[in-house]
Structure formats: structure tokens, C-alpha cells
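Input: a single structure, listed below in C-alpha cells.
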Amino acid sequence: MRTRRKTAIVILGALTLSLGACSDGGSKNQSSTTEANPQLTGVVEAPGGQVAFNRPGLLGRLLASIFGSSAVAAIEGVAPVGAGVNIQLIEVDANGDQVGLPLAETTTGDGGVYAIVEPTGFMPGPKYVIRAAGNTGNMDVRVSGEVNDVNPVADAVSDLIASNVSELDKLTSAEVDEIADAVAELVQNVDPTGLDSAQLSDAFKSECSANEEFNNIIDSSTAPGQICGHVADSSGNAVAGVNIIVRDYGNWVTRATAKTDTAGDYCVNVPAAGSADPYITGRTLSGDYILGAINRTDTSMAASQWWTDSSASASDGSGGANSQFGAGKVSVADATPLSKNFILLAGGARVQGSVTNSVDNGAVEGANVLLREYDTFMPLTSGRVQADGNYRVNVKPGDYMLSFLNRTRLPYASEIYRQGTSGAYDRNMASRETLAANTVYTYDAVLEPGVAITGTVTDNTGTAVPGQVVTIANADSGRIERLRANREGKFRLMVNPRLDPALPIPYYVQARGQNVAADTNGADDNTPTAVKGLLLNAPTTEIKGKLLAADGTTPISQAVMQLRDTVAYNNVSLEVSASDGTFSVYTDTAADYVLQARMDNNPTYGTGQLVSSGNMGYVSFVNALATTVGSPLGDVIDLGTLTMPTLGDTVGVGYLDGNAGTGGASLSICLTGATCGKNGRLTSTQARGDGSFKISLPAGTYTSLGTSVNGVTGTGCSNITILNGKTSTVSITQGSGCNVTNAQ
């Protein structure tokens, strides 16, 4: 793996195709040429029987012609179909079938270019198609503007609309563009080698049909619920081209997308409460969502945010949440439109760069660059790597970590950005990136060859479980990332097979409390090998609840909820509470468990365990209330409302801020007078890549703060006093003791 921070340089590989022109001798209904009527224009492109290319890929370049991407000026190296291909402007019904005779007709000229005169009064829209008729089949593109290029990706988009949208009159050109963008997210999952135009289009359709978020986006385009609003920056300027992302509340999967227009306005359709889930048969939707305004433009520095009640009321742009877990709930009960406005901080920080590979310097198109808050790991947003290798996203000033995640079929390993090194494979080792207002930061990554961890999530009958959250972690250190299984229950993440040339990396995959080892033994850095498929099929029990403050009404969000066994107190399941305080953790083993709410960066609430029915308290693991999970598994255990002590209570809450001396060090925080083992432990945490750690604790004296690196116990600290509402600091130097500054 090679990662560098430098000025972005795009290196394009050569691209060649073999294809021939085709023609159709059918009847003509040529519209009369008149200077008074505008023209529809475009280029027809198609692969031949064999497609050979070097990255950046053909697919991304084809997409650039559809979406008008500024990142790629032309479809470099793609040969057009040639002259003489029959082009028709037709109307289609909801099934994609032609209605009546062609409205206009022409043929391609040299270079595959066509120009067709619009009939009088013609208005572009999804019910109209430009069709290129070939001797082995047709390719279509939905007419969304004056320029409409025809190629296998556009044809797949048109067919997917026909198979998924039953009310074509409700679909707008802007929504067609959003559907096309959703296809763009998936094209690098398709291997085009040896496929002709029809086969490539079919492969795109198959990949999209199996993807949860694509199904959500295309179904939402004609859903009855609607959220509209205006996006401006704190200087009063409308912000055009901002991505509006609607995600399900509680599971955070994308439900719908839109973009702001030139006036900064948007409208996005979403299913109302009680609507059928288009992806998971038999499930209805709650109508509860979170809403993000994600700015990936190069025309505005306005900072991305997630909607809360303060998003439009804070005129200085300080409103909203910087993490999707802090986003407010937006409830869509029926077809009544909701208004949700944003005021974004005008002086954001821009993160941009390129992601290429070490083999041929080509773009790792379709990879994602994810930004998380550094101290909490809570996710803010991501930028997708385009066909030229570049990405861009604007965020609030602050401290962040960056992950370069590759879920595509391209054989290059995901990695974590770490300054001064070639990168890292554990997010605990990320460097702290402090981003200032009105500043552009460039982070480039060069990904090494990797190996695919793939698998299938099924239930106990062997039936695929779509949309299941899967966590992939390095067994020696910590999480790499979370992802979701597709409609077939399948998942994939590219990882590096080695920490050291002589030592394969042990990985594990977790889904609903189940852990499965991912063996990368024998994987070669230079010849990536797919890991055997992983089958997660044991029944699990869900333990859920709602975390509230002592007032019984204020929800506690972004608490790290951990389920631990009562034997070794190992972590079994880890999830994060939502903005309404709700959470779920899971196990696949009948046993007794304790539940912890860990507060990483919140001075108002301390870290505690479940101590009695409905109450969280500040006790060690061994003194916590055990929750029994019996056999058979598969039940839902509802703990109901759980209240946490807050400031002003007898014990109070303080804040521990420290440096463990090395990134990735594990810390056990133990109670007064207790041996710092499992029986005396209140909680544990892990230092970030710069050695720092932050955690909220109940007021008191901690006589031992044990540390370990790579399983070797290091220096412990004593006499750490946590006072109500105060911050104490600890500096630990491995092998040299501690420096404790107790708050006064």
C-alpha cells in the first residue's frame, strides 16, 4: 500500500474497443427539417464482441457522457459505432414498449454523432426515448435534455425504469438523473470482458436489481411522500448541486436522493409510513428518515450537514449534525409535503484528491472516501471516486479521519489514511486530520493489490437475508468498515492480505452478533485471490431498548452500546444509539450478558452498565445486571426505556482526556480500589492513531488505568480524579509511567 498527500495528478490509461457500425433498413418517418425547431443530439457508443481496456474504465467514461461529468472532458479512446445507424425518437409506455409511430428519425453520421429535429411542441421527459437500432438489438436512452448519448449504461437505465416504475407520468427528468447516478455507483461491479451491448446492458440491470439502495431510489422516485426545501450558505447564497440524501432512520440505508437546482431548491419523493418495502418482501416502512445536505461541488465551500431542528434556525451555519447518528428524525406520515431547509456554514473545508492503484496508476473508480469524526469515529459523509480517479467533499472545520474503501470488483485493497506512512489497515491507526475553514486539503491514495472478503448472509433455513449489516474487522486491532448485504445476501470488501510480508492478517466478519473468521492464508500481494465465501446462518437474538437521560424524556444519541458476555466480558456486539436513543445489539449464543453504554466524547453523560430494570449505573462489569439469552435463539428482548445519570446527580460526570503514548493502545479504566482486571473494570477504550483517547466517566477516583499494546500489558496509572463537570488529563508513556493532571 502506498499513500501520499500531494497535489492530485490524474494518469489515464489507454482504452481500446472493437466495434462496427450497424444499420436498419426499416420504414422511415423522417420529420421535416426546420430551423425553427431545436435538435436532440448525441453520440452512439457500443462495445464490440471483445472489450479490452486499461483503467480508468470504459464504464465510468460511458457514464461521464450520460451525466455530463466535468471530471472527464471526452470519452477518450471509445470508438463510436460509425455512420448509418438508424436513430428514432419514440414515445414509450410504463413497460418500455413503443407507443405509435416514431416521432422523428435519422441516422448517425461519421463518429456516431446524430442530430434529430424535435417535433413542434416537444418537451423532453422520461416517456420519450432515443433508440439506436442495430442488427443485433437496440439501445435506448431516456430523453432528459437536449444532449442524450446512447450506450449500454443508458440502455440499462432505460430498462430499469421500465421494470421498476409503474407510473411513468410521475417521473421527472431530474429523477431519471438520480436513477442514473445510482447506476453509476454500481457499474464497476460488472466485468464487461467479452460482452456485447445487449449482454453488458443486461449485466448492469442484474447488478442494479440486486442492490438495496438502487431499488430504494428508483421506487422512491414516484412515491407519494415528499420533502422539499431550500439550501443556502451562511452568507445568504443559494447552493446549487448539493446532494440531498434521505436515509432510513435507525438502519441508515439510503432511501432516496436529489440535488438542489440553480436556486438552491430541492424536492425528493419518499415512501410514507405504511408503504411496502420494495426490497424486503412483507416488510412495511415506518416513514421515518434522516436527511443530509452533502456538498460535493467545486463552486461552493459550504459545509455538509445532517438535518436537525437547528439546521435552518442557526443563521451562522452552525446548525445541523456533523454525523448521521446525530441527525434528527423526519417523519413522513402521508402525502402532505414537508419543508426542511438548510443553512450551511459558508466557510467549510474542502477534502479532495485522487485514488489510483499501484499496478498501472489507473483510477480505482467507484471506491469511496469516507470521513469520520476523529474522536468518536461517527460517520459524516463520503465522496465517490470518479472515472478520472478524483473525489471531492466539503465539510465543517474539525478533526477527521479518512478511509479509502473499495467494495468494487477492482482488485485493490481498502486502506486508512495515516500521515507520513504508506497508510494503515485499522481505523484506530488513522492520523488526526485537522481541517480549517476556507481551506482546501488534498489527500491522494495509491492502493495496493488486495484480496476480496466475500460472503452470503442467510437465515437458519439457508434463505438469503437482504440488507443485513456486516462488519469486517482486523482481528488483531479493530474494525475496518461496515457494509450491507445485497438482495442476494452477498457482500464484498477488498482488504490487504498482510500486515507483514511473513504474517497474514487475520480478519473476522460479524453480522448480528455472529463472528466468522476470514482466512487470508496463502493470499499473494501480487496475485489477489478471493477468500472463500462466508456463510452466516445461525439464528440470533436481538436485545433492544431506548437510552434516555434521567429526566425520562431527553434521548441520548451516539452512545456506543456494547453487549459483553459475563465470563470473559468480551465484546459480542457493538452498535450506536440513534438520535431518539433507540438501539439494538445481537448475539447468536445462549448465555448471560451485560450491557454497556460508552460515551466517547460527551461530558454530560458518563459511561455505565445496566444495573437494574430500566436503569443504567456506574458499576464494574461484574456488578452489572445480567440479561439472560435463552435457547432457542431468535427472540427479541426489549429492555424498554433505560435512564442514565447526568450532571447534577450525586456522582456527577467528568471527562477524561489523555494520550496513551502510542496509537492503537488498549486502555482498561477501573474503579477505586479495584484490581484492573475484568472484575474491577468500568469500561475500556482504544487510543486513536495519534495516541489520544477521550471518554466520559462518573465522578470519582480511578486507581488504575491499565494499558496494553498488541496484547502486552504496559504501564498503568493511579490517582486519577474525575470531578463533576471537569476535565482531567492523563499522559502515558509506555514503560516510563504516567503524568496525571487532575481537574480542580
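The values are calculated or read from the model by the stated rules, or taken from the named source; none is laboratory data. This one's a predicted model, so the numbers in the text were calculated from it and none came from an experiment. Cβ placement follows ideal geometry from the backbone for every residue including glycine, while neighbour counts extend to all protein chains displayed.
What to note about this one:
- Any hit, the range 387-397, residues being touching a Phe, Trp or Tyr at 6+ places or on another chain (Cβ under 8 Å) and either surrounded by fewer than 21 Cβ atoms within 10 Å (Cβ to Cβ) or at negative phi (or both): no
- Considering GLY68, GLY121, the condition of being in the same structural domain as ASP169 (by TED's automatic domain parsing) and modelled with pLDDT under 85 is satisfied by GLY68 alone.
- Top-ranked residue in the range 432-451 [being surrounded by fewer than 21 Cβ atoms within 10 Å (Cβ to Cβ) and among the small types (Gly, Ala, Ser); ranked as farthest from LEU493 (Cα to Cα)]: ALA437
- Residue match in the range 476-487 (condition: modelled with pLDDT of 70 or more, touching an Asp or Glu at 6+ places or on another chain (Cβ under 9 Å) and crowded, with 22+ Cβ neighbours inside 10 Å): yes
- So ALA258, is it more than 16 Å from ALA238 (Cβ to Cβ) and either in contact (Cβ under 8 Å) with a residue 40 or more places away in the chain or part of a strand (DSSP E or B) (or both): no
- Residue count, the range 132-161 (criterion: over 30 Å from VAL242 (Cβ atoms) and out of contact with any strand residue (DSSP E or B) (no Cβ under 7 Å at 6 or more places or on another chain)): 4
- Test: residue in the range 167-183 that is acidic (Asp, Glu), surrounded by fewer than 18 Cβ atoms within 10 Å (Cβ to Cβ), in contact (Cβ under 8 Å) with a residue 24 or more places away in the chain and closer than 22 Å to ALA46 by Cβ: no
- Selection status of GLY292, modelled with pLDDT of 95 or more, small (Gly, Ala, Ser), surrounded by 15 or more Cβ atoms within 10 Å (Cβ to Cβ) and within 20 Å of LEU483 (Cα to Cα): yes
- In the range 193-204, of all residues being surrounded by fewer than 18 Cβ atoms within 10 Å (Cβ to Cβ) and free of Cβ contacts under 8 Å to residues at least 60 places away in the same chain, the one that is farthest from ASP155 (Cα to Cα) corresponds to GLN199.
- Single unsatisfied condition, ARG55 versus (1) more than 28 Å from ASN164 (Cβ to Cβ); (2) at pLDDT below 90; (3) surrounded by fewer than 21 Cβ atoms within 10 Å (Cβ to Cβ): (3)
- For the range 420-435, the count of residues that are aliphatic (A, V, I, L, M) and within 30 Å of CYS208 (Cβ to Cβ) is zero.
- Of note, TYR425 does not satisfy the criterion of being within 30 Å of ILE695 (Cα to Cα), surrounded by 24 or more Cβ atoms within 10 Å (Cβ to Cβ) and hydroxyl-bearing (Ser, Thr, Tyr).
- The range 453-473, residues that are buried (at least 20 other Cβ atoms within 10 Å of the Cβ) and either of a type in the set (A, V, I, L, M) or in contact with a Lys or Arg (Cβ under 6 Å, 6 or more places away or on another chain) (or both): ILE453, VAL457, PRO466, GLY467, VAL470, ILE472, ALA473
- Scanning the range 301-316 for residues that are assigned to a loop (DSSP other than H, G, I, E, B), within 23 Å of the chain's Cα centre (by Cα) and either crowded, with 24+ Cβ neighbours inside 10 Å or of a type in the set (D, E, K, R) (or both) returns ALA302, ALA303, SER304, TRP307, SER311.
- In the range 501-522, the residues that are of a type in the set (S, T, N, Q) and either at positive phi or modelled with pLDDT of 60 or more (or both): GLN510, GLN514, ASN515, THR520
- When THR381 is tested against (1) crowded, with 23+ Cβ neighbours inside 10 Å; (2) at pLDDT below 90; (3) hydroxyl-bearing (Ser, Thr, Tyr); (4) touching an Asp or Glu at 6+ places or on another chain (Cβ under 8 Å), exactly one condition is not met: (4).
- Matching residues, the range 712-731, being buried (at least 18 other Cβ atoms within 10 Å of the Cβ), in contact with a Gly (Cβ under 8 Å, 6 or more places away or on another chain) and modelled with pLDDT of 80 or more: ILE722, SER728, VAL730
- Within the range 266-289, restricting attention to residues that are surrounded by 15 or more Cβ atoms within 10 Å (Cβ to Cβ) and among the charged types (D, E, K, R), the residue that is modelled with the highest pLDDT is ASP288.
- Flag if SER339 is within 23 Å of GLN226 (Cα to Cα), surrounded by fewer than 19 Cβ atoms within 10 Å (Cβ to Cβ) and without any contact (Cβ under 8 Å) to a residue 12 or more places away in the chain: no
- Filter result for GLN226 (surrounded by fewer than 24 Cβ atoms within 10 Å (Cβ to Cβ) and either under 27 Å from the mean Cα position of the chain (by Cα) or on the phi > 0 side of the Ramachandran plot (or both)): yes
- Some residue of the range 141-155 being buried (at least 22 other Cβ atoms within 10 Å of the Cβ), part of a helix (DSSP H, G or I), modelled with pLDDT of 80 or more and of a type in the set (S, T, N, Q): no
- Top-ranked residue of the range 98-121 - restricted to ones that are part of a loop (DSSP other than H, G, I, E, B) and in contact (Cβ under 8 Å) with a residue 60 or more places away in the chain, ranked as surrounded by the fewest Cβ atoms within 10 Å (Cβ to Cβ): THR120
- You will find that of SER220, SER173, SER209, SER158, the residue that is at pLDDT 80 or above and closer than 28 Å to SER339 by Cβ is SER220 and no other.
- Screening the range 530-549 for residues that are surrounded by 15 or more Cβ atoms within 10 Å (Cβ to Cβ) and in a loop (DSSP other than H, G, I, E, B) and picking the one that is modelled with the highest pLDDT gives THR540.
- Flag for VAL129 being buried (at least 16 other Cβ atoms within 10 Å of the Cβ) and touching an Asp or Glu at 6+ places or on another chain (Cβ under 6 Å): yes
- No other residue among LEU370, LEU402 is among the hydrophobic types (A, V, I, L, M, F, W, C), surrounded by 20 or more Cβ atoms within 10 Å (Cβ to Cβ), free of Cβ contacts under 8 Å to residues at least 60 places away in the same chain and farther than 23 Å from SER310 by Cα apart from LEU402.
Yes/no matrix, rows are residues, columns are (1) touching a strand residue (DSSP E or B) at 6+ places or on another chain (Cβ under 9 Å); (2) of a type outside the set (Asp, Glu):
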residue: ALA174; (1), (2): yes, yes
residue: ALA180; (1), (2): yes, yes
residue: ASP196; (1), (2): yes, no
residue: GLU207; (1), (2): no, no
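- Among residues of the range 432-473, those that are assigned to a strand (DSSP E or B) and in contact with a helix residue (DSSP H, G or I) (Cβ under 9 Å, 6 or more places away or on another chain), counted: 0
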